[in-house]
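Asks: Sending over a structure as structure tokens; questions will come in a sec.
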Amino acid sequence: VAPDRPALWPQRRMPLHEAAFAPCEPVRPALAAGRISAATVGLYPPGVAWMTAGDEVTPEIAMLMDKIPPERFFGLDRDGMLPCVRQENA
């Protein structure tokens, strides 16, 4: 059974409004550790966000997202990729 939340919550690395409107690029969740999310993302159900735009993707979240089918998440793009702030904007 997949966990409904990570053990540790991510840290804010960029103001939410800046990250949400920054140029972004799709990143495979397994490769997103250390990147800044450009979206609010979480597991559904229960529908609670694991991170919001501006949060750093933790290694734990990247690993969990890689093990859970992408259709269980809200906030990923239609290809199951995580919108991340482009590196030069971070």
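Asks: Just name the residue that is farthest from residue 18 (Cα to Cα) out of those in the stretch 36-45 that are of a type outside the set (Gly, Ala, Ser) and crowded, with 23+ Cβ neighbours inside 10 Å.
Replies: If we filter the stretch 36-45 for residues that are of a type outside the set (Gly, Ala, Ser), which is where we start, we get 36, 40-41, 43-45.
If we keep only those that are crowded, with 23+ Cβ neighbours inside 10 Å too, we end up with 36, 41.
Details: 36: 11, 41: 16 Å.
The residue in question is 41.
Asks: For the stretch 72-89, what are the residues that are basic (Lys, Arg) and either closer than 13 Å to residue 57 by Cα or in contact with a Leu (Cβ under 7 Å, 6 or more places away or on another chain) (or both)? So that I can check it myself, show each step before the final result.
Replies: Step one: list which residues in the stretch 72-89 are basic (Lys, Arg), which gives 72, 78, 86.
Selection gives 72 alone.
Asks: Hey, another quick one. Taking the stretch 46-85, which residues are at positive phi, open to solvent by 20 Å² or more (accessible area, probe 1.4 Å) and under 11 Å from the mean Cα position of the chain (by Cα)? I'd like the intermediate steps shown before the answer.
Replies: Taking the stretch 46-85 as the starting set, the residues that turn out to be at positive phi are 47, 54, 75, 80.
Still in the list and also open to solvent by 20 Å² or more (accessible area, probe 1.4 Å): 47, 75.
If the condition is that a residue be at positive phi, open to solvent by 20 Å² or more (accessible area, probe 1.4 Å) and under 11 Å from the mean Cα position of the chain (by Cα), then 75 is the only one that fits.
Asks: Just checking, does the stretch 3-16 include any residue being touching a helix residue (DSSP H, G or I) at 6+ places or on another chain (Cβ under 6 Å), surrounded by 13 or more Cβ atoms within 10 Å (Cβ to Cβ) and not aromatic (Phe, Trp, Tyr)?
Replies: So in the stretch 3-16, the residues touching a helix residue (DSSP H, G or I) at 6+ places or on another chain (Cβ under 6 Å) come out as 6.
Still in the running and surrounded by 13 or more Cβ atoms within 10 Å (Cβ to Cβ): 6.
This time we only want the ones that are not aromatic (Phe, Trp, Tyr), so: 6.
There is at least one residue in the stretch 3-16 that is touching a helix residue (DSSP H, G or I) at 6+ places or on another chain (Cβ under 6 Å), surrounded by 13 or more Cβ atoms within 10 Å (Cβ to Cβ) and not aromatic (Phe, Trp, Tyr).
Asks: Go through the stretch 58-86 and report how many residues are under 14 Å from residue 25 (Cα atoms) and in contact (Cβ under 8 Å) with a residue 24 or more places away in the chain. Give the derivation first.
Replies: Within the stretch 58-86, the subset under 14 Å from residue 25 (Cα atoms) is 75-86.
Narrowing the set further to residues that are in contact (Cβ under 8 Å) with a residue 24 or more places away in the chain leaves 75-77, 79-86.
The number of residues fulfilling the criteria is 11.
Asks: What number of residues within the stretch 24-67 are aromatic (Phe, Trp, Tyr) and closer than 14 Å to residue 11 by Cβ? First the steps, then the outcome.
Replies: Step one: filter the stretch 24-67 for residues aromatic (Phe, Trp, Tyr), giving 44, 50.
Then keep just the ones that are closer than 14 Å to residue 11 by Cβ; that gives 50.
Of the residues in that region, 1 qualify.
The values are calculated or read from the model by the stated rules, or taken from the named source; none is laboratory data. Nothing here was measured: the structure is a model prediction, and the numbers come from that model. Quick reminder, even Gly has a Cβ in these numbers, built from the backbone with ideal geometry, and neighbours come from all protein chains shown. Heavy atoms of the whole protein, side chains included, go into the accessibility calculation; ligands, DNA and RNA do not. Shrake-Rupley method; radii C 1.70, N 1.55, O 1.52, S 1.80 Å.
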